[in-house]
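To keep things clear, I will list the structure first and then write my remarks on it.
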Amino acid sequence: MFAALSVQRRERLGRRLAAAVLTSGLVAGGSIAGTAVAVADENPQHQGGASATLNGLTTYDDAVLKLNGGKTKKLPAGLFEMAVDGGGTLKTYCIDIHNPTLPKAKYLETPWEQTSLGSNEQAGKILWVLKNSYPQVDDLADLAKKADAGSLTKETAAAGTQVAIWRFSDGADVEAKDPAAEKLADWLEKSAEKLQEPKASLSLEPNAVSGKAGSKLGPITVRTNAERATVTAPDAAGVKVTDKNGAPVTEAKDGTELYVDVPAGTADGTATFNVQASTSVSVGRAFASLSKSQTQILAGSSESTVSATGSAVWAKQGAIPALTAEKNCAKGGVDVTAKNEGDEAFTFELADQKVEVGAGESKTVTVPVGEDQPYEFSIALPGGETKTFKGVLDCKTSAEPTTPPTTGGNGDEEPGTDPTPQSGGTTSGSTGGDTTGGGDTTGDLAETGASNATPMIAGIAIAFVLLGGGAVFILRKKKGAAAGQ
């Protein structure tokens, strides 16, 4: 697994990542597809909210990470910027100091429990830091006064904030190089209080329903911090999104219950519809990558486009399953839930388990997935269609290894400390680096740019291609599980 790798040098990182993916334990009972499937393909698993592309590190200063053996490593610390799909800009800090960021990585708004924050007792303190420092507090003179930090610039304020976050997110022994930034980090760490996770910008509960034609399927409850959201018509002729009384719905707000109205006589089938809004995403929302790129946490948002997709399955008779999936970091896998609203059992195999969901019943199967491993599950539905879930299980920060490397290197570079941010071209030069234990320079700012990250990116790409995008399962419905098969 990627999280267990020792990072010796940038030149070897790509090969190590590729080898790690190929040799790590795959999900038990699965089969690997023979074709390449990119993790960031369309329709990734997403409960709803904002999706964005990482533009790079924009406002930062230097920090020093203390490593094993008394060594240190210089690295940039500060704010990243993301471009939201459909319009909008996000400002984020990272919460995984030992992992790199990948250029133009795709990110999805994600509940805390599906990231490393879910098991982190200090997660609420990170939210306090975000709300009480830059950029949420843009009066730098007042911020410096509170922290007894003298004078702060945007760069040193961002660095001090990121350092404080790393101390809570990774338990890292890290300091800001600038004295004022370090004082800010110390004040934030000392003052932080635990706050509750903010609500999603937009989600649907549940996002899939099923039932017989001639009825209203649901309800699906809209959860959003926007004043209103637009509801699109389903992509199936004659099928409508309505309220419980059957009146068509084109707009919704937080708490609105939606139903999918399928007229009697409609041929067996499926439909999807979209709910979309424009809102500021709440500070403290987590953003997980579709590739192995640092998990981020939101520090600020412009008015941004957010969306969620609902789906419905219907039939006249037989098994009529609604399938959903979500990451389960506590169990180290993905929960696949089948709710059968038909009049016959729905039977399928998943991860070496034969699962039977009786009429009117619901069952959840947790599929084990390796940390940092891409996955794709395709489950055959009655009628010949399939439901696919894909993503990357990223539930942990990468702990710094405590054992020295056994091969390669000159002994001066510490494993597991690849520079965190990806500058995305924001700097063209090097600021140098520090190691107290040897002559090698580590933490060179240029190493966070595209040029020296190329071997790592290539390694991940090769590994994904060789694996066909990760662990891929084709799950066939058993004969006789539904009528008409």
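The values are calculated or read from the model by the stated rules, or taken from the named source; none is laboratory data. None of the values given here were measured: they were computed from a predicted structure. Note that we place each Cβ from the backbone using ideal geometry, even for glycine, and neighbour counts take in every protein chain shown.
The table below gives the values:
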| quantity | calculated |
| --- | --- |
| Selected residue [in a loop (DSSP other than H, G, I, E, B) and at pLDDT 95 or above] from Gly34, Gly86 | Gly86 |
| Evaluation of Lys177 against (1) charged (D, E, K, R); (2) over 24 Å from Thr92 (Cβ atoms); (3) surrounded by fewer than 20 Cβ atoms within 10 Å (Cβ to Cβ) (one fails), failing number | (2) |
| Matching entry among Leu184, Leu130 (being closer than 30 Å to Gly255 by Cβ and surrounded by 24 or more Cβ atoms within 10 Å (Cβ to Cβ)) | Leu130 |
| Some residue of region 238-251 being in contact (Cβ under 8 Å) with a residue 40 or more places away in the chain and over 15 Å from Ala312 (Cβ atoms) | no |
| Only listed residue being touching a Leu at 6+ places or on another chain (Cβ under 8 Å) and either more than 17 Å from Gly211 (Cβ to Cβ) or among the small types (Gly, Ala, Ser) (or both), chosen from Val262, Val241, Val275 | Val275 |
| Condition broken by Ser169, with the remaining ones in (1) more than 16 Å from Val64 (Cβ to Cβ); (2) more than 27 Å from the chain's Cα centre (by Cα) satisfied | (2) |
| Hits in region 147-171 (condition: surrounded by fewer than 23 Cβ atoms within 10 Å (Cβ to Cβ), over 24 Å from Ser282 (Cβ atoms) and either touching a Phe, Trp or Tyr at 6+ places or on another chain (Cβ under 7 Å) or not small (Gly, Ala, Ser) (or both)) | Asp148, Thr153, Glu155 |
| Selection within region 197-215 - acidic (Asp, Glu) and either under 16 Å from the mean Cα position of the chain (by Cα) or buried (at least 18 other Cβ atoms within 10 Å of the Cβ) (or both) | Glu197 |
| Lone qualifier among Val137, Val84 - being farther than 24 Å from Thr224 by Cα, touching a Leu at 6+ places or on another chain (Cβ under 7 Å) and of a type in the set (Val, Ile, Thr) | Val137 |
| Those strands (runs of 3 or more DSSP E) lying entirely in region 163-270 with at least 1 residues within 29 Å of Thr72 (Cα to Cα) | 174-176 |
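Every residue, every condition in (1) under 30 Å from Glu385 (Cα atoms); (2) part of a loop (DSSP other than H, G, I, E, B); (3) touching a residue at least 24 places away in the same chain (Cβ under 8 Å); (4) among the polar types (S, T, N, Q), yes or no:
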| residue | (1), (2), (3), (4) |
| --- | --- |
| Ser278 | no, no, yes, yes |
| Gly284 | no, yes, yes, no |
| Ala288 | yes, no, yes, no |
| Gln294 | no, yes, yes, yes |
| Ile297 | no, no, yes, no |
| Gly300 | no, no, yes, no |
| Ser304 | no, no, yes, yes |
| Ser307 | yes, no, yes, yes |
| Trp314 | yes, no, yes, no |
